[in-house]
1. Scan the range 259-277 for residues that are open to solvent by less than 30 Å² (accessible area, probe 1.4 Å) and either without any contact (Cβ under 8 Å) to a residue 24 or more places away in the chain or not in a helix (DSSP H, G or I) (or both) and report the count.
2. Counting only residues that are touching a strand residue (DSSP E or B) at 6+ places or on another chain (Cβ under 6 Å) and assigned to a helix (DSSP H, G or I), which one in the range 70-82 is least open to solvent (accessible area, probe 1.4 Å)?
3. Based on this model, can you work out whether ASP199 counts as closer than 30 Å to ILE285 by Cα and either open to solvent by 10 Å² or more (accessible area, probe 1.4 Å) or not hydrophobic (A, V, I, L, M, F, W, C) (or both)?
4. Hey, among ARG336, ARG318, which residue is open to solvent by 10 Å² or more (accessible area, probe 1.4 Å) and at pLDDT below 95?
5. From the list LEU243, LEU203, LEU190, pick out the single residue that is touching a Lys or Arg at 6+ places or on another chain (Cβ under 7 Å) and either under 24 Å from PRO19 (Cα atoms) or in contact (Cβ under 8 Å) with a residue 40 or more places away in the chain (or both).
6. Considering only the range 155-168, I want to know if a residue exists there that is modelled with pLDDT under 95 and under 14 Å from SER224 (Cα atoms).
Amino acid sequence: MAEITLRGMTWDHARGFDPMVATSAAYARTHPGVTITWERRSLQAFADRPISEMAATYDLMVIDHPHVGEVAKQGNLLPLDGLREAEMAALAAGSVGLSHPSYAFAGRQWALAIDTATPVACLRPDRLEVAPKVWSEVLSLARQGRVGFALIPINALMTFFGLARNLGYAIAEAPDRLMEPDQAARVLELMREVVAVMDKRCLTLDPIGIYEWMGRNADGPHYSPFGYGYTNYSRAGFCPFPLTFHDAPGVEKADPTGTVLGGTGIAVSAFTKHPEVAVDYAFWIAGAACQKGLFTESGGQPAHAAAWEDDACNALTRDFFRGTRRTLDTAWLRPRYDGYMGLQDRAGLIVHRCLTGEVTVAATIAALDAAYRESRA
């Protein structure tokens, strides 16, 4: 049998890299002659590199679902629908929230969800016993100097969207404006109010930076209301002060609805010379057995409900999955049209400048609408 080597690209964090290496090694042991190697880039470099470029180089790619609109037009990925219908139906039935359908666009399935996340709450259990349920409680803690959360541009935008959706506000549904001006203003003012009483380093940190600060420093923040969850920080031995994760707070009531769905899926290049093997591996690691077993055990953050409901997976992560399931199940699927990624990059910077006080709320809203119109052109 001829030797087969597949190349994969993922993102540079224990959660993004370690499970890919572990599952590839296990797959190779049961498929003699097959080798799957993985390369990694920083999360930002990974997000910035066009999928068209990666598809020309790699057989397998771990991708973000907002890219599927451009992917559907470009034809660089192998559609996975129609190949294994029974397995696909099982994956759809086992989806946590909208994780599985987030990779479906224009009638095709462009990737399989293997990892899921959404902004959830996090706390230091040695410093805080109960997670706030509503925004007024978050603000009260913040005024005591106990709150920090990620507010670099992309996370500032995701928080802006999440608060808006929690309040029931429409986003990107009108042809000429991102949001109703008075609604956008209310959300921006909520954010500016809490930023004013938090450590300004929050404006320079992503969720990993916040969790590093919380989990490795005795004097780190006690609570974060919104941050894409990372089970790693709740696992024994990963950091000196293990964290626990909980459902996000609501603005007006104890309801986490509206946080912005994240996570990753595994995609197969349309140009791979070994599509059968690449597809087989993709379906295997997305399936219930691998997701609740080797994938989670090796540091992954699964997207399959079988793992989220599993006692061993929850014991390994201080009940991360049970503690945040409601937030995942009610998370919002952001726009995925071709052009959205450009809006996301620009809008994050616009919201961030508002939070730093460089730009007024009114100017921010006008700039967001202009960026939105351009992305739809």
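1. The number of residues fulfilling the criteria is 12.
2. VAL71
3. Here the answer is no, as ASP199 does not meet what is asked.
4. ARG336
5. Result of the check over LEU243, LEU203, LEU190: LEU243.
6. no
The rows are residues; the columns are (1) out of contact with any Gly (no Cβ under 9 Å at 6 or more places or on another chain); (2) under 22 Å from ASP206 (Cα atoms); (3) among the small types (Gly, Ala, Ser).
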| site | (1), (2), (3) |
| --- | --- |
| GLU276 | yes, no, no |
| TRP284 | yes, no, no |
| ALA289 | yes, no, yes |
| GLY300 | no, yes, yes |
| ALA307 | no, no, yes |
| THR324 | no, yes, no |
| ALA347 | yes, yes, yes |
| LEU355 | yes, yes, no |
| VAL359 | yes, yes, no |
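Rundown of residues vs (1) touching a helix residue (DSSP H, G or I) at 6+ places or on another chain (Cβ under 8 Å); (2) part of a helix (DSSP H, G or I), yes/no style:
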| position | (1), (2) |
| --- | --- |
| CYS202 | yes, yes |
| GLY209 | no, yes |
| GLY215 | yes, yes |
| PRO221 | yes, no |
| PHE226 | yes, no |
| ASN232 | yes, yes |
| PHE238 | yes, no |
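The values are calculated or read from the model by the stated rules, or taken from the named source; none is laboratory data. All figures in this text were calculated on a predicted structure; none of them were measured in a lab. No Cβ is skipped: glycine too gets one built from the backbone with ideal geometry, and neighbour counts run over all protein chains shown. The accessibility values were calculated without ligands, DNA or RNA, using every heavy atom of the protein model including side chains. Shrake-Rupley method; radii C 1.70, N 1.55, O 1.52, S 1.80 Å.
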